[in-house]
1. Ala27's amide H: which non-local residues (gap 5+, or another chain) put their own amide H closer than 5 Å, with H modeled 1.01 Å from N in plane and none for Pro or chain starts?
2. Going from the alpha-carbon gyration tensor of the chain, what semi-axes, largest first and in whole Å, does one get by taking the root of 5 times each eigenvalue?
3. Could you give the length gained on full extension between Arg170 and Arg64, defined as 0.36 nm per residue of separation minus the Cα-Cα distance, in nm?
4. Over the stretch 32-104, what is the relative contact order in percent, taking alpha-carbon pairs closer than 8 angstrom and at least six residues apart?
5. Consider a paramagnetic label point 7 Å from the Cα of Thr190 along Cα→Cβ; state which residues of the stretch 145-182 have an amide N under 15 Å from it.
6. Quick query: amide H of Leu56 versus all other amide H atoms, modeled in the peptide plane; which residues come in under 5 Å with a sequence gap of 5 or more or a different chain?
7. Under a straight-distance cross-link criterion of Cα-Cα below 17 Å, which lysines are reachable from Lys185, leaving out those fewer than 8 residues away in the same chain?
8. Pick out the long, greasy-scoring helices in the chain: whole DSSP H runs spanning 30 Å or more along their own axis by Cα, mean Kyte-Doolittle at least -1.0.
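Values quoted throughout were computed directly from the atomic coordinates according to the rules given, and no laboratory measurement underlies them. Values in this document were obtained by computation on a predicted structure and should not be read as measured data. When we count neighbours, we look across all protein chains shown, and the Cβ atoms used for this are built from the backbone with ideal geometry, even at glycine.
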Amino acid sequence: VEPVGGSIGMGKSACAAVLRDAGVPVADADAAVHELYAPGGAAVEPVAAAFGREVLGGDGGVDRRALGALVVGNDAAMKTLEGVVHPLVAAHRERWLEERDAEGHEVVVLDVPLLYETRLDCAGVLDAVLVVSAPEAAQRERVLARPGMSAAKLDAILAKQMPDEEKRRRADVVIDTGCSMEDTKAALLTVLEEQRRIARQARAQ
């Protein structure tokens with residue numbers, strides 16, 4: 001099990017896409033949250049119980065904009081939300097891993113935006129941690145190009161995330177995404193082949 005972590009704007013999604021194209025199952029934590037918030041999702045009623053039914057949309061799912069208005073900038077509310085959602089995401093991840101193991105995959109990847117911040121690295125399910133990283137200037141250029149993003153918003157997000165330098169220090173593998181996409185892809189595929197080799201050796205023992 002290989003998680004891909006990294007701060008905002010570092011290229012996690014692009015790297016996950018490369019691995020997915022190489023035939024590796026990738027679990028997307030953000031997509032899991034969307035599924036949990038969708039009508040009938042496991043997070044809908046717990047979130048409504050914690051924040052009121054005004055956070056639900058007309059379709060019966062969680063209205064992310066309404067929920068965000070309540071929790072963004074409110075540390076206590078954010079902790080309450082995390083207390084509701086993180087266990088559900090963990091359960092979703094465990095089911096996904098069991099399904100992929102039953103299918104016999106040698107390597108699977110978890111695309112986790114807040115890998116260290118949610119202490120997934122301490123959960124005992126990871127074989128190696130891959131962190132994607134880029135120079136600060138490239139990171140800021142990428143993020144500030146997003147609709148609705150501002151320097152103040154970016155700085156607020158970064159203030160809540162572990163510094164890139166510390167993530168790099170903790171990682172087993174660091175992928176530089178500040179270079180060309182071709183070089184990044186080549187580095188990823190090299191790491192993938194090494195992890196597949198390790199997995200085959202482990203199964204042969």
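1. Excluding prolines and chain starts, which carry no amide H, the hits are Val109, Leu110, Asp111.
2. Ellipsoid semi-axes (Å, largest first): 30, 23, 14.
3. The span from Arg170 to Arg64 would gain 35.0 nm if fully extended.
4. RCO, the stretch 32-104: 28 percent.
5. Hits in the stretch 145-182 for Thr190 at 15 Å: 173-182.
6. Asp63
7. Lys12
8. Numbers: long enough: 75-102 (40 Å, -0.48); 181-204 (34 Å, -0.55).
Membrane-span-like by this criterion, though nothing is claimed about a membrane: 75-102, 181-204.
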